[in-house]
1. When both residues are 6+ apart or on different chains and their Cβ atoms are under 9 Å apart, which pairs have a first residue that lies in region 81-92 and is farther than 19 Å from ALA188 by Cα, and a second that is among the aromatic types (Phe, Trp, Tyr) and modelled with pLDDT of 90 or more?
2. Are there any strands (runs of 3 or more DSSP E) wholly within region 1-102 with 2 or more residues that are within 16 Å of the ligand (Cβ to nearest atom), surrounded by fewer than 15 Cβ atoms within 10 Å (Cβ to Cβ) and modelled with pLDDT under 95, and if so which?
3. Among the listed residues LYS55, LYS31, which satisfies the condition of being under 24 Å from GLU193 (Cα atoms) and not polar (S, T, N, Q)?
4. Would you mention how many residues in region 73-107 are more than 15 Å from ILE192 (Cα to Cα) and in contact with a strand residue (DSSP E or B) (Cβ under 8 Å, 6 or more places away or on another chain)?
Amino acid sequence: MSNVIHWTCPFCDRDTTLRNGDYSEDSAFLKVDNAEGYRSLKSQFIVCPNPKCRKITLVVTLHEAGFSRNQWRTARQLLTWNLIPPSKAKTFPSFVPQVVIDDYNEACLICDLSSKASATLSRRCLQGILRDYWKVKPGRLVDEIDAVKDKIDPITWEAIDAVRKIGNIGAHMEKDINVIVDVDPDEAELLIELIETLIRDWYIAREDRKKRLTMIKNIADSKSQAKQQMAPQS
Ligand SMILES: [Zn+2]
């Protein structure tokens with residue numbers, strides 16, 4: 001790792017900067033001759049710098065390895081395991097519907113193993129969001145997306161539209177969401193990112209707005225009460 005790294009904590013979802021004291025890396029080497037070549041196993045612990053969080057993230061990666069200039073060295077990365085938390089899924093607040101969270105978590109969990117299983121869950125999750133948040137009439141996903149076109153901000157709609165047009169996603173979003181179709185790992189990740197953005201922009205933004213407005217209303221109420229109390233009694 002370089003000295004300062006931008007990082008988003010999977011537990012508190014805060015964008016933050018990691019410094020030297022926030023992470024710890026180690027490598028173990030397989031130095032035994034074998035059919036596949038030397039290997040190294042790298043562990044990376046990160047402790048969230050947010051004082052209210054301080055949770056541990058642990059990722060382990062397997063690499064090709066070699067001995068050169070008197071030293072064992074780590075080369076190309078072969079496999080990645082997200083051990084803590086068990087997937088790249090972000091932790092979202094409890095006011096986001098549980099069915100949406102369940103599909104999203106499973107889509108993240110299966111993403112490295114099966115892009116198509118992950119994309120299937122992501123599409124179901126997207127459909128769950130459209131039906132719950134926008135109350136669209138249940139139908140084919142493609143029609144449900146069209147149904148929100150005039151309700152949501154144009155940039156968001158263009159993003160959903162762009163994701164459904166690329167690669168295979170374009171083809172299978174037209175079909176029933178339970179049809180399992182091959183997708184690339186990139187496309188599966190893009191779907192997950194889209195869902196994270198929609199959860200933030202819709203559920204979380206709505207809740208924040210509600211909180212701000214309630215606070216303003218409470219302040220206004222207490223001011224007007226104070227004024228009434230100060231008014232001369234007749
Ligand atoms: Zn955190």
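1. ILE84/PHE45; PHE92/TYR104; PHE92/TYR203
2. Numbers: elements: 5-8, 15-18, 23-30, 39-47, 56-68, 71-84.
In region 1-102, 5-8, 15-18 are the strands (runs of 3 or more DSSP E) which contain 2 or more residues that are within 16 Å of the ligand (Cβ to nearest atom), surrounded by fewer than 15 Cβ atoms within 10 Å (Cβ to Cβ) and modelled with pLDDT under 95.
3. Numbers: LYS31 fails: under 24 Å from GLU193 (Cα atoms).
Result: LYS55 is the single residue among LYS55, LYS31 that is under 24 Å from GLU193 (Cα atoms) and not polar (S, T, N, Q).
4. The qualifying residues number 13.
The values are calculated or read from the model by the stated rules, or taken from the named source; none is laboratory data. Source: prediction; values computed, not measured. Quick reminder, even Gly has a Cβ in these numbers, built from the backbone with ideal geometry, and neighbours come from all protein chains shown.
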